[in-house]
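Data block below; observations after.
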Amino acid sequence: MRFVGRAFLYLFFLGLLVGVGGLGVVGWAFWHYGQGLPDYKQLADYEPPTSTRVHAGDGRLLAEFAVESRVFVPIDAIPKRVSEGFIAAEDQHFYEHFGVDIQALIRAVITNVVNVAQGRRLVGASTITQQVAKNFLLTNEVSIARKVKEAILALRIERALDKDRILELYLNEIYLGYRSYGVAAAALNYFDKSLDDLTVAEIAYLAALPKGPNNYHPIRRKEAAIARRNWVIDRMLEENFITAEEAAVAKASPLVVKNHADTDLVDAGYFLEEVRRTLGDRFGEQGLYTGGLSVRTSLDPVLQDMARRSLRDGLIAYDHRHGYRGPVGRVGDNEPWLPALIAFQVPAGSLDWVPAAVLSVDPNEAKIGLRDESIGTVPLDEVRWARVPRGDENRTVGPSIKSVGDVLKVGDIILVAPVTQTTPDKDGESPKPYPKGTYSLRQIPEVNGAIVAMDPHTGRVLAMSGGWSFETSQFNRATQAFRQPGSSFKPFVYLTALENGYTPATIILDAPFVIDQGPGLGKWKPSNFSREFYGPSPMRIGIEKSRNLMTVRLAQAIGMDKVSETAERFGIVKDMPPQLAMALGSADVRLIDMVAAYGALVNGGKKVEPTLIDRIQDRNGKTVFRHDDRTCPDCDAKYWDNQPVPVLPDTRVQLTTPTSAYQIVTMLEGVIQRGTGRRIAELGKPLGGKTGTTNDSRDTWFIGFSPDLVAGVFVGFDSPIPLGHQPWGGQETGSSVAAPVFKEFMGEALANKPAIPFRTPPGIRMVRIDAETGKLASPSSNKVIEEAFKAGTEPGADSDSVIITGNGSPILPVMQPGESNVDMGAEAPLSTSTPPQPTNNGTASPAAPSGIY
C-alpha cells in the first residue's frame, strides 16, 4: 500500500513537472513567436480590395474592374444559411471557442497519427479565426512556426473583434476559385445568383471550396465536387441547420454552374472604356480597381445592340460597294486543308465569322470546309458583291460577278457567316430560303465610324459604338476623333440667323460667291454639291438642299463672329476662327458634341451635358456622384395626402430661345421630308436631321432626332482619304454612307412606338407659304408648306421686297430659281446692303429688309 502511494505521488509530481514544463514551453513559444507579429487591430477597420461593378441603366451587370473579383457584403446582409453552411464545413464550434478549437485540435492530432501510419494526407484544425489570421496577416508557408503564429493571432483577434466581424472578414476575403474572392463573387461566378437566391445545394458546394477550389472543380472534377458538397450537406444536417428533407433534396440536385459573364452579354466595349477612363480620372487607379464602387450607367442594352448592329451593317454595306480584297489566307500546295485551317490565325475583328477553306468551285457555288469538319456551300448570290477593286482614287470596282470562280479559288481561306435566306432585292422581291449549311462571304471593313444615341432632355448617352470592333482598335471615334462635320454644322449657321431677325422664309441668293484671300493665295470659290446655282431661294431651302452658296452668303451677312459664338455656346467647338469656310463645317469636332448640340435644338434650346454615368455609390452604398444633382425635398414623402405633385427645378442653361430652336427643328424636319435625308422619311415618324459630307467625301455624317431621341453617325477612314464613288455612279456622301446607319437604328428604336410630333412652344405661328418663293401661299402656288414664324414676323404684303447684301462688290443680276448660267470660274460680285437688325425681343425691326442675296 505504501509502495502504491509512493508510486502515485511520483507519477503526480512527474505529471506536474511535465505540465509545468509544457506550460513553460507553450509560454516560451507564445513569447518567442509573438514578437513582431502584424498589428491585428487593423482588422477592425479593414476594407478588402473590392471590385468596381458597372451596371446598365436597367441594372444589368456590364463589367467589373478589379484586381481581385470581390463583392463586399456586410454580415447583416449575408443570409444566415450561407453563414451556417461555412460554419458547418469549416468550424462548427465557431461561436463557442476563443480562437483555437482545442477539441478539434486534439481530434486532428489523433487522426493525423493514424494518417501518417497509413500514408494519408494530414488534416487540419484551423478555426475560421485562424484562417482570417493567415489570410490577412500571414503567408501560406507550411511550418509549425506559422501555425503557432496563427494561433497567437487568432487569440488576439478574438479579444479585439466580435464573432460577426470575424465571420464577415472571412466570408468576404476567402478565395473560392473561378476568380472569386468572397462568397458574393463566388455566387455570381458559379451560379449567376445573388446570395439570397442560392439553394442549399449551392451553398453547400461553395462551403466545400475553401479546402481547395481546384480539387472540387465543378467540371473537371465533378464527382469529387459532388461528394464534397454532399459531405457539407450532412454536416449542415448534423448541426440542425437544415432538415432531413432539405438535405435529401439538396443531395439529389445536379451540380450545374452558370457563369454570369456568359449571360446577358452586352457588347459595349467602347462605352465601358469611356466609363473606365472617367472613373480613373475621378477616383484614381486605386479607387477604380479596389474601391468597391457601384456605378449605374446610362446605357440602354437594347438600344446599344441596335446601334452596334446598325453601324456594322453600314460599314459592311460601304465596304461591299468597293470590292473584295482577297482571301485572308491560303492552304499550301499538297497540304491537307483541315490542319491548315485549324492552325490558321483568325484576324482580329472577325466577330462571329468563321474561317473556311475553299474545296471546290463551280460557276454557281463553292464547296467549303470548316474547322468542325463540316462541309458547306457559298452560292453565287453571296459573292456578287465581291467585285475587283481597280485601285484608283475613286475606289471604283471592276465588272459584275458572273461566276463564283471570278471571286474564289480552291485553297483560299476565307471568312464566312451562315445565312438562311437570300437578301431582298431592290424590287421588293421576298427573300428565298437557303438550304442548311449555306454561307455568305465576309470581309472585315477597312473603313470605320461611330454612332451615339442620347436622350436630348438629359444628355444621357443611351448607346455608343466607337468603331467596327473594340478588339481591333480601342480608339473611340465617338469621343476621341476630331473630324470635320461638313454640312451637319449648317443648322447652327441658320440658327444664328434666326436669332438675329431672319425667318425660314427669308430670301437668299444662290449664286457664285468669290473672295480674294490675299496676295498669292488665290480666290476662294465655294460651290454647291450639284455645281449649279438656283437663284433667290427661301432660307429653308438652303438647309433642306444643303446649299453651300446660300449658307456662305448668309454667314457673311450675319457675321462669322456670331456663328463662332453660337458654335461655342452649343459646346461644338471653342474659339472657332471666324472664317467663312467654317460655316460649311471645316472645323474639327467630336461626334458626341455634335449629338449633344442637336439635342439642345430638339429639347427647346436647353443645354445638355453628355454623360455616361447616372450615379456612383461607394462600397458602403453612399452616393458620391449623381449626374442629375437637383434636390427635391418633397420627393421623399412617405405617403400621399393630396399634397401637390413635387416640381423639379429645370436648371439647364437656355442656349437659345425655344422659338428659334423650334424653327430650326422644323427646317431639319424638312431635310428628311424633302431634302438630302429624304430616304429616311420611309420610317413614317416625325424626324429631323442633317447630312454632312466634307471635301472629297473624306468624312460623312448624319445627325438627327425624334422628339425624345437624338443620334449621330460618322463614317470615314481613320487616315482621312476619299470614300470614293458608288459603283452605279455618284460620289459617296453622308446621304449614302451615314444616313442608312441612322435610318436602320431609328427604324428599330422607334418601332412600335407612337408617332409623337415635335412640341411647339408658345410664340410660334404656323403660316401657309409658297415653299419656292417664301411668300404667302396663293392659289397659283405649286408647293405649299406650313412654315413656323415667331409671332410678329409672319410674311405680309411687303414681304416680296428684296435687298442684295454682300461685301462691297457691284450688285449681282437677279436670277430666277433653277437658272445656272453663271460661270463657276467668274468672280462673283457682292453688294454692300445691310442684313436685318434684331430688336430687343429678337425679331426683325419693321424697317429691316425681308430678304438678302
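The values are calculated or read from the model by the stated rules, or taken from the named source; none is laboratory data. Keep in mind that this is a model prediction, so the values were computed, not measured. Neighbour counts are summed over all protein chains in view; Cβ atoms, including those assigned to glycine, are modelled from backbone coordinates with ideal geometry. When the accessible area is computed, the model is the full protein with side chains, heavy atoms only, and any ligands, DNA or RNA have been set aside. Shrake-Rupley method; radii C 1.70, N 1.55, O 1.52, S 1.80 Å.
Considering only C-alpha atoms, what is the centroid distance from segment 319-341 to segment 153-204, in Å?
52 Å
Heads up, I need the accessible area for K775: 1.4 angstrom probe, whole protein in place, Å², nearest 10.
Rounded to the nearest 10, that gives 90 Å².
Taking all protein chains together and a probe of 1.4 Å, list V67, V608 from the most accessible to the least accessible.
Accessible-area ranking of V67, V608, largest first: V67, V608.
Could you tell me the largest-minus-smallest coordinate of the C-alpha atoms of segment 203-285 on each of the three principal axes, in descending order and whole angstroms?
Its Cα atoms span 53, 25, 24 Å along the three principal axes.
How large, in percent, is the carbon and sulfur part of the accessible surface of segment 285-327 at a probe radius of 1.4 Å?
Exposed carbon and sulfur together represent 50 percent of the surface.
Based on the alpha carbon coordinates of segment 623-734, what radius of gyration and maximum Cα-Cα distance (Dmax) apply, in Å?
Final numbers for Rg and Dmax: 21.6, 69 Å.
In bins 5 Å wide, starting from 0, what share of all Cα pairs of segment 154-196 does each bin hold, as a percent?
6, 24, 21, 18, 12, 10, 7, 1
For W640, W468, give the ranking by accessible area with the largest first, probe 1.4 Å.
Putting W640, W468 in descending order of accessible area: W640, W468.
How would you rank 642-648, 549-555, 299-305, highest first, on the average number of other Cβ atoms within 10 Å across their residues?
Top to bottom by mean Cβ count within 10 Å: 549-555, 299-305, 642-648.
Give the accessible area for H627 in Å² (nearest 10); use a 1.4 Å probe, count only protein heavy atoms, and leave out ligands, DNA and RNA.
Roughly 60 Å² of H627 is accessible to a 1.4 Å probe.
Rounded to two decimals, what is Rg over Rh for segment 704-806 when you use alpha-carbon atoms and the Kirkwood radius?
In segment 704-806, Rg relative to Rh is 1.11.
Can you give me the three principal axis dimensions of segment 510-568 from its C-alpha atoms, in Å, biggest first?
Principal axes ranked by extent give 35, 31, 16 Å for the Cα atoms.
Scattering from the C-alpha atoms of segment 160-313 alone, worked out with Debye: what is log10 I(q)/I(0) at q = 0.12 1/Å?
Rounded to two decimals, the profile gives -0.70.
Run the 1.4 Å probe and let me know the accessible area of D650, rounded to the nearest 10 Å².
80 Å²
Mind ranking T199, T793 by accessible surface for me, highest first, 1.4 Å probe?
The ranking, largest first, comes out as T199, T793.
Remind me, relative contact order of segment 511-582 in percent, using alpha carbon pairs under 8 angstrom and six or more residues apart?
Result for segment 511-582 is 22 percent.
Let's see if you can work this out: charge +1 on each Lys and Arg Cβ, -1 on each Asp and Glu Cβ, no other charges. What is the dipole magnitude of segment 659-729 about its Cα centre, in debye to the nearest 20?
Roughly 220 debye for segment 659-729.
Can you run the Rg to Rh ratio on segment 608-664? Use alpha carbon positions and the Kirkwood inverse-distance Rh.
With Rh from the inverse mean 1/r over Cα pairs, Rg/Rh is 1.11.
With a cut-off of at most 14 other beta carbons within 10 Å, and DSSP calling the residue loop, which GluC sites (Glu not before Pro) in segment 233-329 qualify? Please list them.
E239
Of the accessible area of segment 739-794, with the probe set at 1.4 angstrom, what percent is carbon plus sulfur?
It is 53 percent, rounded to a whole number.
Using Cα pairs under 8 angstrom and six or more residues apart, how large is the relative contact order of segment 624-714, in percent?
Value for segment 624-714: 15 percent.
Which number do you get for Rg(Cα) / (2.2 N^0.38 Å) in segment 296-387?
Ratio of Rg to 2.2 N^0.38 Å for segment 296-387: 1.38.
Can you pull the Rg over Rh of segment 407-526, Cα-only, Kirkwood?
Over the Cα atoms of segment 407-526, Rg/Rh equals 1.15.
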